[in-house]
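J.: This structure is in structure tokens; I'll ask about it shortly.
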Amino acid sequence: MTSTANQAQSAQQQGPQESRVFAPPAAFAEQAAVSGMAAYDALCAEAAADYEGFWARLARENLAWQKPFTSVLNEADAPFYKWFEDGHLNVSYNCLDRNLQNGNADKTAIIFEADDGTSTPVSYRQLHEKVCKFANGLKSRGIKKGDRVIIYMSMSVEGVAAMQACARIGATHSVVFGGFSAKSLQERIIDAGAVAVITGDEQLRGGKQLPLKAIVDEALALGGCESVKDVIVYKRTGGNIAMVAGRDMWLSDLVDQQSAECEPEWVSAEHPLFILYTSGSTGTPKGVQHSSGGYLLWAALTMKWSFDIKPNDVFWCTADIGWVTGHSYIAYGPLAVGATQVVFEGIPTYPNAGRFWDTIAKHKVSIFYTAPTAIRSLIKASDVDPKVHPNNFDLSTLRLLGTVGEPINPEAWMWYYNNVGREKCPIVDTFWQTETGGHMITPLPGATPMVPGSCTLPLPGIMAAIVDEAGHDVPNGQGGILVVKRPWPSMIRTIWGNPERFKSGYFPEELGGKMYLAGDGAIRNKETGYFTITGRIDDVLNVSGHRMGTMEIESALVANPLVAEAAVVGKPDDTTGESICAFVVLKQARPTGEDAKRLALELRNWVGKEIGPIAKPKEIRFGDNLPKTRSGKIMRRLLRVLAKGETITQDVSTLENPAILEQLKEAS
Ligand code: 6R9
């Protein structure tokens, strides 16, 4: 661990102070599930007074239990915490059957918006039937409770159904994002010991047909995947693919003749619902293992608290099911609360960068949840082509906006608030992680006054705190390490096959072994106590002994009207220890030669003015774009290599745009 406390502290001291505050609109607050700060405080007080009683009440009220639990939290084998462990339930029953019983059978569960703009509604009754047939199909192949199933599919009703079908029979799924390479897929198949792979023939993205099944074939051919007995293929494009006799089968052949009824497999609340691989700061991807009961409780409850979901809402989370956001806020949360949601196959820029706004208007979306990186790229696109600006679309159905995945810089927040939300929609800036299962720190839209760039306050029951390296609380206004002091129901249970790494990585001895280490730095505002995430603790810089969050510098750069996007990394420096290297995308075309020099100087001075001379990037490189994963995260790891002038030897298969690396290799 590095000395994050000081880093975040100095970043804050030097960083611009955000003073704008936006109260939740009165009309929103009046009807909200958690209405007003007094209601928020009351929930927090309830959790503080009787932690287990609080969670037990919520678990009873929000989930259907086949066998009620008597044990709430078992800490005997900490940090391997167990929640509601003697209770039995089925996640798919909670998401589907419950809706057939409570009058939602004919309600639209999913509006599938295809890449080409055609859309298909699927009711809860239809989804239930699809999932039951799918589950029976899996059972007919001998797949059973506890088996691991890899899902390597694009965004589709079938992808969601595959996850639900696994949940129905008690199989543990591991969704691998459809953009991962054969090698990454193979590693995950082997690590999980999967018995089957569910995939598609091809995927459609931005009008292009891209391979899926061919990559599965390649992954299996790499070897070591002998555990895989079945490959089940959903036909999406009808493209030409190879089928291996005895191993591969079409989904339709497997499910068409199956019964539309499938008794759910009742499992313990602690039964592993899924494993989701995520990258750590070092080493191979970790299989984050989640539970059934605690996980679903939080997916459902945050739909109500953070998203204020109501029966008439049309919810749209633009994530992919390959990421945790697509698990909690597409495959499980919305269905568990009987919501109608849009499931989107395409990309935000096809057929043009107005696609999000057009789709919101078309399906009368009322709650929209996306990533800051998408917002920033759409800001840029609408500056270039005013026709795709949100002003040209009927967004009047929107009542709530959300962001996730990375800090949102105040300028992007304001643009989202003004142009998309038209100053009437609260924005929930939801801080959470693959490991946390659901939202952790976020405004409650009908209660919390919002400050652009701050995820504000922990949800009731989430004991988030900021500590120094010895695990001691730091005062507000002083940065430190973000931790969670008490276990919560939807937390990671272990790293699949590596309990030691789970223990040492998330509950380090240095912090006493009982606090969950999020891996992010944070600071609380002196007056409000609001949290601001200062970035991953591995993304902090030390220049001449002054430490600062890369995020602060990026935010300053993006606040410049010329800048569309920026990523800042450290570069070893003989004199100052580390120097700051900024990769910048301008709203205008990428400058070169004298132009680049002039603009770099201008931006350096700008940052100097915004934060302080110490934060001035020593080097600025301009690009047409930044290297990003397909989920939109900037790959700073690669930028650090480029900044050093070294050759990239790491795997770049998860990059959306590998070609950009060449351009960013040297100074513009
Ligand atoms: C849900 C998800 C987790 C990391 C996390 C943090 C960053 C996510 C954020 C945020 C600031 C937010 N992060 N949400 N930082 N504000 N609202 O993204 O999970 O892919 O595991 O990433 O993303 O650094 O530690 P995951």
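The values are calculated or read from the model by the stated rules, or taken from the named source; none is laboratory data. All figures in this text were calculated on a predicted structure; none of them were measured in a lab. Glycine gets a Cβ as well: all are built from the backbone with ideal geometry, and neighbour counts include every protein chain shown.
J.: I'd like the full set of residues that are over 19 Å from the mean Cα position of the chain (by Cα) and either assigned by the TED database to the domain that holds residue 655 or of a type in the set (Val, Ile, Thr) (or both), limited to the range 153-212.
T.: Listed by number, the residues that qualify are 157, 169, 172, 189, 190, 195, 197, 198, 199.
J.: Out of all the residues in the range 25-32, is one or more in a loop (DSSP other than H, G, I, E, B), touching an Asp or Glu at 6+ places or on another chain (Cβ under 7 Å) and modelled with pLDDT of 95 or more?
T.: Yes, there is a match, as at least one residue in the range 25-32 is in a loop (DSSP other than H, G, I, E, B), touching an Asp or Glu at 6+ places or on another chain (Cβ under 7 Å) and modelled with pLDDT of 95 or more.
J.: Scan the range 444-467 for residues that are farther than 20 Å from residue 375 by Cα, of a type in the set (Val, Ile, Thr) and not in a strand (DSSP E or B) and jot them down.
T.: The answer is 448, 462.
J.: Of 236, 168, which residue is outside any strand (DSSP E or B), among the basic types (Lys, Arg) and under 24 Å from residue 290 (Cβ atoms)? Working first, answer last.
T.: Details: 236 fails: under 24 Å from residue 290 (Cβ atoms).
Of 236, 168, the one residue that is outside any strand (DSSP E or B), among the basic types (Lys, Arg) and under 24 Å from residue 290 (Cβ atoms) is 168.
J.: Within the range 337-377, take every residue that is under 20 Å from the mean Cα position of the chain (by Cα) and of a type in the set (D, E, K, R) and give me the one that is nearest to the ligand (Cβ to nearest atom).
T.: Filtering the range 337-377 for residues that are under 20 Å from the mean Cα position of the chain (by Cα) and of a type in the set (D, E, K, R), the one nearest to the ligand (Cβ to nearest atom) comes out as 376.
J.: If you don't mind, there's one more thing I want to ask. Collect the residues in the range 162-185 that are modelled with pLDDT under 95 and more than 21 Å from residue 325 (Cα to Cα), keeping them in residue-number order.
T.: Residues satisfying the conditions are 182, 183.
J.: Restricting to the range 197-211, what's the tally of residues that are buried (at least 24 other Cβ atoms within 10 Å of the Cβ) and of a type in the set (A, V, I, L, M, F, W, C)?
T.: Result for the range 197-211: 2.
J.: Give me a count of the residues in the range 99-153 that are in a strand (DSSP E or B) and either β-branched (Val, Ile, Thr) or under 25 Å from residue 359 (Cα atoms) (or both). Before you say what the answer is, go through the steps one by one.
T.: Within the range 99-153, the subset in a strand (DSSP E or B) is 108-113, 119-123, 148-152.
If we keep only those that are either β-branched (Val, Ile, Thr) or under 25 Å from residue 359 (Cα atoms) (or both) as well, we get 108-113, 119-123, 149-151.
Number satisfying all stated conditions: 14.
J.: Something else now. Here's a check for you: in the range 523-548, which residue that is at pLDDT 95 or above and either touching a Lys or Arg at 6+ places or on another chain (Cβ under 8 Å) or closer than 16 Å to residue 433 by Cα (or both) is surrounded by the fewest Cβ atoms within 10 Å (Cβ to Cβ)?
T.: Ranking the candidates gives 530 first.
J.: Give just the number: which of (1) touching a residue at least 60 places away in the same chain (Cβ under 8 Å); (2) within 15 Å of the ligand (Cβ to nearest atom) does residue 308 not satisfy?
T.: In the conditions (1) touching a residue at least 60 places away in the same chain (Cβ under 8 Å); (2) within 15 Å of the ligand (Cβ to nearest atom), residue 308 misses (2) alone.
J.: Does at least one position in the range 486-496 carry a residue that is surrounded by fewer than 18 Cβ atoms within 10 Å (Cβ to Cβ), of a type outside the set (Asp, Glu) and away from the ligand (no atom under 15 Å from the Cβ)? Working first, answer last.
T.: Of the residues in the range 486-496, the ones surrounded by fewer than 18 Cβ atoms within 10 Å (Cβ to Cβ) are none.
No.
J.: Please go through the range 433-455 and give me each residue that is over 17 Å from residue 528 (Cα atoms) and out of contact with any helix residue (DSSP H, G or I) (no Cβ under 8 Å at 6 or more places or on another chain), ordered by number.
T.: Once the filter is applied, which keeps residues that are over 17 Å from residue 528 (Cα atoms) and out of contact with any helix residue (DSSP H, G or I) (no Cβ under 8 Å at 6 or more places or on another chain), the range 433-455 yields 436, 440.
J.: Could you please find all residues in the range 611-636 being in contact (Cβ under 8 Å) with a residue 40 or more places away in the chain and in a loop (DSSP other than H, G, I, E, B)?
T.: Result: 611, 612, 617, 618, 623, 625, 626, 630, 631, 632, 633.
J.: Looking at (1) in contact (Cβ under 8 Å) with a residue 60 or more places away in the chain; (2) β-branched (Val, Ile, Thr); (3) in a loop (DSSP other than H, G, I, E, B), which one does residue 649 not meet, given that it meets all the others?
T.: So the condition that residue 649 fails would be (1).
J.: Going by the conditions given, is residue 475 of a type outside the set (Lys, Arg), on the phi < 0 side of the Ramachandran plot, surrounded by fewer than 20 Cβ atoms within 10 Å (Cβ to Cβ) and away from the ligand (no atom under 13 Å from the Cβ)? Give the derivation first.
T.: Numbers: of a type outside the set (Lys, Arg): yes; on the phi < 0 side of the Ramachandran plot: yes; surrounded by fewer than 20 Cβ atoms within 10 Å (Cβ to Cβ): yes; away from the ligand (no atom under 13 Å from the Cβ): yes.
Yes: the conditions hold for residue 475.
J.: Restricting to the range 290-316, count the residues that are closer than 27 Å to residue 192 by Cβ and surrounded by fewer than 24 Cβ atoms within 10 Å (Cβ to Cβ). Even if it seems obvious, please write down each step before you answer.
T.: Taking the range 290-316 and keeping what is closer than 27 Å to residue 192 by Cβ, we get 290-300, 302.
Checking the rest, the ones that are also surrounded by fewer than 24 Cβ atoms within 10 Å (Cβ to Cβ) come to none.
Adding up the residues that qualify gives 0.
J.: Just the residues that are away from the ligand (no atom under 12 Å from the Cβ) and touching a Cys at 6+ places or on another chain (Cβ under 9 Å), please, taken from the range 417-439. Working first, answer last.
T.: Our first condition is that a residue be away from the ligand (no atom under 12 Å from the Cβ); within the range 417-439, this holds for 417-426.
If the condition is that a residue be away from the ligand (no atom under 12 Å from the Cβ) and touching a Cys at 6+ places or on another chain (Cβ under 9 Å), then 417 is the only one that fits.
J.: Sort out which residues of the range 652-668 are touching a Ser or Thr at 6+ places or on another chain (Cβ under 8 Å), surrounded by 17 or more Cβ atoms within 10 Å (Cβ to Cβ) and in contact (Cβ under 8 Å) with a residue 60 or more places away in the chain, and write them in order of number. Spell out the reasoning first.
T.: Going through the range 652-668, the residues touching a Ser or Thr at 6+ places or on another chain (Cβ under 8 Å) turn out to be 653-656, 668.
Filter once more, keeping what is surrounded by 17 or more Cβ atoms within 10 Å (Cβ to Cβ): 654-656, 668.
Answer for the range 652-668, where residues must be touching a Ser or Thr at 6+ places or on another chain (Cβ under 8 Å), surrounded by 17 or more Cβ atoms within 10 Å (Cβ to Cβ) and in contact (Cβ under 8 Å) with a residue 60 or more places away in the chain: 654, 656, 668.
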